[in-house]
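**Q** Structure provided below as structure tokens; questions to follow.
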Amino acid sequence: MGKDYYQILGVNKNASAEEIKKAFRTLAHQHHPDKAGGNEQKFKEINEAYQVLGDPEKRQKFDQFGSAAFDGAQGFPGGGGFGGFSQGGVNFDFGDLGDIFGGAFGFGGGRQTQRASRGRDLQVDLTLTFEESVFGATKDVTLSKTEACERCGGIGAEPGSKMKQCSTCNGAGYQVRVQRTILGAIQSKVECEACHGEGEQAEKKCSQCNGSGLEKKRKTLSVDVPAGIEDGNSLRLTGQGEAIKSGRSGDLYIRLRVKPDSRFVRDGYDLRSEAAVGFTMAALGGEIEVETVDGKVELKITAGLQSGTELRLRGKGVGHNGRRGDHIVTIRVITPKNLSKKQRELLETLNLF
């Protein structure tokens, strides 16, 4: 069954271009997925409807043949660029959305002045113990960053007040300026100074953020660090960077620093350490106690063990994908020094080699 783009935008078939544009603006602001209560699927349907009804030629084609006229392949052309995309045979140009929102929600390119589509990314360092890098951990990260104002929800208007069309740019979000040059008059579009490209202004500014929609906060985030992390790795927390008004927040990158442990050396998902045994133990065999990340364990020494032999403790290494590597212990046989006369005579009597 075909889609009714008029119904999606809530307008009748005789609606003017300005009425269609206004309906789109209202619904897009309401359902944008970056806003509380937003609906990504609904937002896509609204965009699709406007791309057709907002274009006179496409609208005429829709009136004649319905949405079937735009059936076709879906997806991002050219490997996922951000210039636009095609859905249901409708070509989406983010420049059109930029003209509607003035760069709000991250759609730019339609103007000569492009506003930031998202907030700045942030980076913080987080230090882990060696054991935390092996087993994983939940850590708290505290940082100061810009967030949407709690009082107005990032809109910039005092709760209960309404948004009105900017009187300076008449809702366009930009102003046209003409500059006289030796080559003649050059016309350009610049971001509206009154509404900062949004096309709207609050009837009453938020008393907490003074209309900026933003406030600086100190925030503590709980971060789940997976097992097996290595020194220098980074974790990305989407949307936890700096916020901007009418746009997406940036991301937070957490750079991990792992404290070394003198007892162990990491080798991929295995751990390595050394253990010293005496000459007699190496010859006769026995048991020694070795340190692991799980605590001390008994390690069996077989008779006649040679120096440099590697013994493997299964499942005592680094965690990854629900499994753990091994702990490899390299044995170093200690040759006795400063033997007494009697000890020397005994060894000579054994004449083992």
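Quick note: the coordinates plus some simple rules give every number you see, no bench work behind them. This is a predicted model, so every value here is computed, not measured. Neighbour counts run over all protein chains shown; Cβ positions are idealised from the backbone, glycine included.
**Q** For F279, F43, F62, F135, what's the fewest-to-most ordering of other Cβ within 10 Å of each Cβ? If you can, show how the numbers build up before the last one.
**A** Working: F279 13, F43 20, F62 24, F135 17.
In increasing order of surrounding Cβ atoms, one gets F279, F135, F43, F62.
**Q** Further question on the same structure: Let a ≥ b ≥ c be the square roots of the eigenvalues of the Cα gyration tensor of region 122-258; is it rounded (a/c under 1.5), or, if not, prolate (a/b larger than b/c) or oblate?
**A** Verdict is oblate for region 122-258.
**Q** Between D267 and residues 5 or more places away or on another chain, which pairs have amide H atoms under 5 Å apart, with H built 1.01 Å from N, and which residues are they?
**A** Placed amide hydrogens put R272 under 5 Å from D267.
**Q** Which percentage, to the nearest 5, of the DSSP beta bridges contained in region 208-342 is antiparallel? Write out the running numbers ahead of the final one.
**A** Working: 20 of 28 bridges.
That works out to approximately 70 percent antiparallel.
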